[in-house]
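Structure record follows, encoded as structure tokens.
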Amino acid sequence: MDTAGPPLAPDVLERDDLRQALGEHDFAAAFALIKKWGGLSQNKIAAACELTPGKVSNVIAGQHQISSMVVIRRIADGLRIPGILLGLAPRPWEDQPREVTPPEDRRHSEEVPWRPDATIGLADHLTRSDLVMTRRAATRALSAAATTGAALLDSLEGWLQPVGIDNRPRRRGRLGARDLDDLETTARTFRAWDHRYGGGLRRKAVLGQLNEVASALDEHQATSIERRLYGVMAQLAGTAATMAWDSGLHRRAQEYYDVALRSAHAAGDTAFGANVLAGMARQMLYGGHPQDALELVRLAQDGVRTTAGPRLRAMLHTREAWALAAVGRAAAFRRATEQARDTLAHATADQDPYWIAYFDEAELAGVTGGRLLELARRHPREHAHTAAEQIRTALDQRGPEASRSHALDWIGLAECHFLVGDVAGAVENTHHAVDAAAHTQSGRVRDQLAQLYPYTVGRDVPGPLREARNQIRDLLAT
């Protein structure tokens, strides 16, 4: 939340007792000291941290412990406590001027018609604004939520309509087949980099290439070249979307997914378009909107019902299963998972485009294990052991090119052990998870790792569990 000034005076934050309480995440002591020395009532602390006064009272009385990293970040931001004091990375507001900034100029994708020229304009607008994004604008973009519900779903209906004709007067382009070979290789390289490492380390390189492709499409290329160019733009925009998502830019990721879908539509590549919709569905699932995800998957399935290869159809079944698990429909989840397994059994490498080759038995096992883990959080005795078996299968079969998925698997396996009360196994796998997470820049990996943190907090926890907690905190603070 944004306040007029820091609620706590500098001398309060310099107190050794408060710093020790904050460092140990002892919020009972920290809130009591803030009341005493900072002059804030329980109601003011609650309002600043987006907690109820009753919750703050219970924390001070020792009846409730705060272990959620999401809530800890809210406390840091609400009370303007520097991130380093809580084992967090520096918060976005630290060392930034406090001024009112105008709302970001944004061309809403739901208002853009499904025409090739409009898609080019949308790609150009997004990439130009991102390439010159200031730190302050990036902070605003981090807080922009993804669109959900009818506003999202209705805007995508054009995916099923015929492609419009681009009759604009344009100067003649000069790209040839060899140029397109090079561009397609570049798009493939960027996609492989993102799959292996995650994060946004090369995001601006992808955006620069995407902007160049949009500029080339503003010229009149030969028909075969133009179609391939739209395919390249779809690939690059899809990679830009996952990189933005890994960087915490959820609304921006959704906008690049939209560009990718529209570009695939203009290229006549329904298979990649369905893959983009599956990516949008996964984003909705991570954001807690399973019904929207289910609608997106079914929109994808409608578009490729008679054309998708077995590997793509299997992947779409797993996205459907994921959404069904998220709404607690265990029987329907099992049915969709079996459909995915049966369909994948008919896949051959020579049938598939390169971008779906990642979806193999290891990926199916990892996704299935992750969904069983979601069910295990509600019913650990029924699902935790099966989830762990599937995740171990994924870990045994994945290659080094999938380090982001590898890290997510270790995190999931550690949580399975926590759920069944196997502290020794949980600690061992948490160490593996932290080591794997250190080799990727993925924000998704760090968000999932933060979900292990509450399992490591409590009174009189054994030394190995405290060590695991410190490992998690140290990594999340970098």
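Of note:
- Selected residue [modelled with pLDDT of 95 or more and among the hydrophobic types (A, V, I, L, M, F, W, C)] from L249, L201, L236: L236
- Restricting attention to the stretch 165-208, the residues that are under 19 Å from I225 (Cβ atoms) and open to solvent by less than 50 Å² (accessible area, probe 1.4 Å) add up to 8.
- The stretch 212-236, residues that are without any contact (Cβ under 8 Å) to a residue 60 or more places away in the chain, farther than 13 Å from L180 by Cα, surrounded by fewer than 24 Cβ atoms within 10 Å (Cβ to Cβ) and of a type outside the set (D, E, K, R): H220
- Per-region count, the stretch 358-409, residues acidic (D, E) and open to solvent by less than 30 Å² (accessible area, probe 1.4 Å): 2
Results for (1) in contact with a helix residue (DSSP H, G or I) (Cβ under 9 Å, 6 or more places away or on another chain); (2) of a type in the set (A, V, I, L, M); (3) closer than 23 Å to R191 by Cβ, shown as yes or no for each residue.
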site	(1), (2), (3)
P380	yes, no, no
A384	yes, yes, no
A388	yes, yes, no
S403	yes, no, yes
W410	yes, no, no
F418	yes, no, no
S442	yes, no, yes
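- Output for the stretch 392-416, where each listed residue is hydroxyl-bearing (S, T, Y) and without any contact (Cβ under 8 Å) to a residue 60 or more places away in the chain: T393, S405
- The residue pairs whose first member lies in the stretch 310-325 and is in contact (Cβ under 8 Å) with a residue 40 or more places away in the chain, whose second member is open to solvent by less than 10 Å² (accessible area, probe 1.4 Å) and not in a helix (DSSP H, G or I), and whose beta carbons are closer than 6 Å, counting only pairs six or more residues apart or on different chains, are R311/F359; M315/F359.
- Answer residue from the stretch 61-91, given it is within 15 Å of A29 (Cα to Cα), open to solvent by 30 Å² or more (accessible area, probe 1.4 Å) and polar (S, T, N, Q) and is nearest to the chain's Cα centre (by Cα) among those: Q65
- Any hit, the stretch 324-331, residues being within 28 Å of R202 (Cβ to Cβ), in contact with a helix residue (DSSP H, G or I) (Cβ under 7 Å, 6 or more places away or on another chain) and not hydroxyl-bearing (S, T, Y): no
- Of the residues R74, R136, R107, the single one that is under 30 Å from V232 (Cα atoms), basic (K, R) and either modelled with pLDDT under 80 or assigned to a helix (DSSP H, G or I) (or both) is R107.
- Wholly within the stretch 375-478, helices (runs of 4 or more DSSP H) carrying at least 3 residues that are of a type in the set (A, V, I, L, M, F, W, C) and under 21 Å from H195 (Cβ atoms): 380-397, 403-419, 423-437
- Counting residues in the stretch 258-277 that are in contact with a Lys or Arg (Cβ under 7 Å, 6 or more places away or on another chain), within 25 Å of A146 (Cβ to Cβ) and buried (at least 24 other Cβ atoms within 10 Å of the Cβ) gives zero.
- Residues within the stretch 304-337 that are in contact with a Phe, Trp or Tyr (Cβ under 6 Å, 6 or more places away or on another chain) and closer than 24 Å to D258 by Cβ, tallied: 1
- When the stretch 410-432 is filtered for residues that are surrounded by fewer than 21 Cβ atoms within 10 Å (Cβ to Cβ) and small (G, A, S), the ones remaining, listed by number, are G421, A424, G425.
- Scanning the stretch 305-352 for residues that are in a loop (DSSP other than H, G, I, E, B) and either under 24 Å from the mean Cα position of the chain (by Cα) or of a type in the set (G, A, S) (or both) turns up A308, G309, V327, G328, R329, A345, A347.
The values are calculated or read from the model by the stated rules, or taken from the named source; none is laboratory data. Bear in mind that the values here come from a model prediction, so they are computed numbers and not experimental data. Cβ: placed from backbone, ideal geometry, glycine included. Neighbour counts: every protein chain shown. Calculation scope for accessible area: heavy atoms of the full protein, side chains included, ligands and nucleic acids excluded. Shrake-Rupley method; radii C 1.70, N 1.55, O 1.52, S 1.80 Å.
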